[in-house]
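Before any comments, here is the structure.
Where a number appears in this text, it was derived from the coordinates with a stated rule and is not lab data. All values reported here derive from a predicted model rather than from experimental measurement. Cβ coordinates were reconstructed from backbone atoms using ideal geometry, including for glycine residues, and neighbour counts include every protein chain displayed.
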Amino acid sequence: MLELAINHKEALNKEYQMALQKQSNLFFSGSEWDYYELKLDDSDYYKIQYVSVDSNSNILGYFSAKINRNSNIITGIEVIKFKENTLASLDLFRFLKKIYEMPVVKIEWWVIRGNEAEKLYDKVISKYSGKKIGLYEKSIKLKDGKYYDKVFYEIIKENE
């Protein structure tokens, strides 16, 4: 189930720090370095931050979205799943639905090409009538020393 990330700050950061050491999370930071702690906001003014938890309060994933309240645009999405299971995936879709239902006119974000999340985001834009709006080639260098492309997405909500 989705719960506010701030209510799980200590446990969330422990999971996050363990996840940083896994090659499968190479794409999360989007850079050659990592923050060792997720900075959790004390309000939802600039960012909404949730965790996926199971019935024993084990943290399965972390999801956030940056919000520009002046323009009513979501300007970025962060997703990291600590455990691959059905509940974490369902919670991710609940989170994406939650941000789509917010009173915003547009949702825009990017993903590093090669990240498995790219397939998910392709499904999301199909479901919500969004589109890929561009590609920056070799625009980001990751911890493995390689350069990667960034794929940009947007969903413009009509009648908002």
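So if I take the centroid of the Cα atoms in region 85-115 and the same for region 31-55, what is the distance between those two points in Å? Value for the Cα centre distance between the two parts: 14 Å. Distance check, please: which entries in Lys39/Lys132; Lys47/Lys123; Lys97/Lys127 exceed 19 angstrom between their Cα atoms? With Cα atoms farther than 19 Å apart: Lys39/Lys132; Lys47/Lys123. Here the Kirkwood formula puts the hydrodynamic radius of the chain at 16.3 Å, using every distinct Cα pair.
Computed 3J(HN,Hα) for region 136-142, one whole-Hz value per residue from the Karplus formula 6.51 cos²θ - 1.76 cosθ + 1.60 where θ = phi - 60°, is 9, 7, 6, 9, 9, 10, 9, glycine and proline marked x. Restricting to bridges with both residues inside the chain, how much of the DSSP beta-bridge set is antiparallel, in percent to the nearest 5? The answer is about 95 percent antiparallel. Taking the helices alone, the chain has a mean residue ellipticity at 222 nm of -7500 deg cm²/dmol, built from -39,500 (n - 2.57) per DSSP H run of at least 4 residues and averaged over all its residues. Taking 7 Å steps out from each Cα toward its Cβ at Lys39 and Asn72 produces label points 2.8 nm apart.
Each Lys or Arg adds one and each Asp or Glu subtracts one; over the other residues with Cβ under 13 Å from the Cβ of Ala19, this totals -1. With a cut-off of 15 Å between beta carbons, the residues surrounding Lys131 carry a summed charge of 0, where Lys and Arg count +1 and Asp and Glu -1.
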